[in-house]
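Below is one structure; the comments refer to it alone.
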Amino acid sequence: MERIPQVEGFAARERGVESPKRAGKALRGAVPRAAHSLFTPSPQRPDAVASVEASNSGRLPELTPIRVGRMAATPFAFLRGTAGLMAYDLAHGTPATGIGAQLCGDAHAGNFGLYGDARGSLVIDLNDFDETVHGPWEWDLKRLATSLVLAGREAGADEEQCAAAAQDSVGAYRRTMRLLARMPVAEAWNAIPDEELVSHTDARDLLGTLERVSEKARRNTSARFAARATEDDGEGGRRFVAAPPVLRPVPDAEAAQVAAALTSYLGTLSKDRLPLLGRYAVHDVAFRVVGTGSVGTRSYVVLLLDHRGEPLVLQVKEARPSVLAPQLARAGFAAPVVEHEGRRVVLGQKRMQVVSDTMLGWTEVANRPYQVRQFRNRKGSVDPAALAADQVDDYGRMTGALLARAHSHTADPRTVAGYCGKTEELDEAVRDFAVAYADRAEADHAELVTAVRAGRIAAELGV
């Protein structure tokens, strides 16, 4: 007779059941690791321009030419704006093991970076979760590897270096999963702080780049943004200064709607945050264009000032359904039941990061869902396309390790490590996929550029 009953929500004691590691290893029979080299485009695959046009649906039409212009700049920029198209290709043209994890959903190499924790220390991790959803762990890894090939080509790396960067990212992911699988659960959960990551992944050539990015990130604060983007309003406060098309004032009624939405946002925060935010007053609201894939969505910055006039800037950003959601069923995963798209983004971020913004929350403005977060929270990022050619593989190893750590919060690292194994078979397979899909993305980008030149789709270049 058991003296202590099993408790719902906790793992059952393992008695005579197959270990997670063996279960992962057994999956190799159904989905050989070498099969991840495969990419078979669906005959029904939408062309590149049709895909971009479809993804513009629901966005502010006056801003979609900026989005198209940014995507037309380079193949890597095109990939950044087409997470939905790649999800379609992954669902229809690649195998999946069935192991699920909370996905970033857009884990390209530009979506990793530095940000500040509550005490001002810098953390390095994934930093974009607009598309987050539970799904096949392979999708994030393949998107990362592909992006490294495209970024490496843009950086001037040769094909051998680009392929090595993709392969090394997978190798770092695999080795990190093995490391996490051997660690005590609590230690693994909080593993790989930023100060140890470079040595863990043997990315020492990146040290100088990371130090420069860190210095810039420490200066990238609400106060610095407010000093450049606001002016005295003549009534003891400050207001945003228009900088079109990126930053523009909004009508009073719209600003009032956004400000009023912060009330319900407060209800999504931990209660210990409320006295802090209660010492700030809202002074102004402006519309601000963000990102590449996000251009055309509704996004605001809200200026708050304390009793000394010191600023805190919040971003209130529209949360659209994840572009991965329609493709999940084909990969064997249930479509998510989403109560609120902003909540989906926030909870997905918290599930993947070791340390998250303490101001993360969600709200609604004019019946549309939004996520809310600090703006310019000591945020800094490495542009992988601007790295030296011999640094791209170092960056690949670092980001691969970060992705493994993020996935390990929701996928048992023992199962993933059991599947990935000790050899480089998976590394080489995903490398081959990444090179092939990078070629596909370059062809798609060329189609978009041709369509822009022919006037088929409007684009505003250089914005």
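The set of residues from region 393-417 being among the β-branched types (Val, Ile, Thr) and either surrounded by fewer than 24 Cβ atoms within 10 Å (Cβ to Cβ) or over 19 Å from the mean Cα position of the chain (by Cα) (or both) comprises Thr410, Thr415, Val416. In the set Leu387, Leu347, Leu305, Leu312, only one residue is of a type in the set (A, V, I, L, M, F, W, C) and in contact with a Pro (Cβ under 9 Å, 6 or more places away or on another chain); that residue is Leu305.
Residues are listed down the side, and each one gets a yes or a no for (1) among the aliphatic types (A, V, I, L, M); (2) surrounded by fewer than 19 Cβ atoms within 10 Å (Cβ to Cβ):
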position: Ser57; (1), (2): no, yes
position: Ala72; (1), (2): yes, no
position: Phe78; (1), (2): no, no
position: Tyr88; (1), (2): no, no
position: Thr94; (1), (2): no, no
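Here Pro65 fulfils each of the conditions (1) crowded, with 17+ Cβ neighbours inside 10 Å; (2) of a type outside the set (Gly, Ala, Ser); (3) under 28 Å from Val346 (Cβ atoms) apart from (3). The condition (being in a helix (DSSP H, G or I), within 23 Å of Thr292 (Cα to Cα) and at pLDDT below 95) is satisfied by just one residue among Leu461, Leu448, Leu402: Leu402. Number of residues in region 76-104 that are touching a residue at least 60 places away in the same chain (Cβ under 8 Å) and assigned to a helix (DSSP H, G or I): the value is 15.
Within region 170-191, take every residue that is outside any helix (DSSP H, G or I) and in contact (Cβ under 8 Å) with a residue 12 or more places away in the chain and give me the one that is surrounded by the most Cβ atoms within 10 Å (Cβ to Cβ).
If we filter region 170-191 for residues that are outside any helix (DSSP H, G or I), which is where we start, we get 183-184, 190-191.
The next check asks that each one be in contact (Cβ under 8 Å) with a residue 12 or more places away in the chain; those that pass are 190-191.
On the way: Asn190: 10, Ala191: 20.
If we take residues in region 170-191 being outside any helix (DSSP H, G or I) and in contact (Cβ under 8 Å) with a residue 12 or more places away in the chain, then Ala191 is surrounded by the most Cβ atoms within 10 Å (Cβ to Cβ).
For region 252-311, a tally of residues being in contact with a Gly (Cβ under 7 Å, 6 or more places away or on another chain) and under 24 Å from Ala118 (Cβ atoms) returns 5. Could you figure out which of (1) assigned to a helix (DSSP H, G or I); (2) in contact (Cβ under 8 Å) with a residue 60 or more places away in the chain; (3) among the aliphatic types (A, V, I, L, M) isn't true of Val355? Of everything listed in (1) assigned to a helix (DSSP H, G or I); (2) in contact (Cβ under 8 Å) with a residue 60 or more places away in the chain; (3) among the aliphatic types (A, V, I, L, M), Val355 misses just condition (1). Does at least one position in region 21-36 carry a residue that is surrounded by fewer than 21 Cβ atoms within 10 Å (Cβ to Cβ), outside any helix (DSSP H, G or I) and of a type in the set (Lys, Arg)? The answer is no, given that none of the residues of region 21-36 is surrounded by fewer than 21 Cβ atoms within 10 Å (Cβ to Cβ), outside any helix (DSSP H, G or I) and of a type in the set (Lys, Arg). Selection over region 424-455 of residues that are under 22 Å from the mean Cα position of the chain (by Cα) and β-branched (Val, Ile, Thr) gives a count of 2.
The values are calculated or read from the model by the stated rules, or taken from the named source; none is laboratory data. All figures in this text were calculated on a predicted structure; none of them were measured in a lab. Counting neighbours? That spans all protein chains shown, and the Cβs are built from the backbone with ideal geometry, glycine included.
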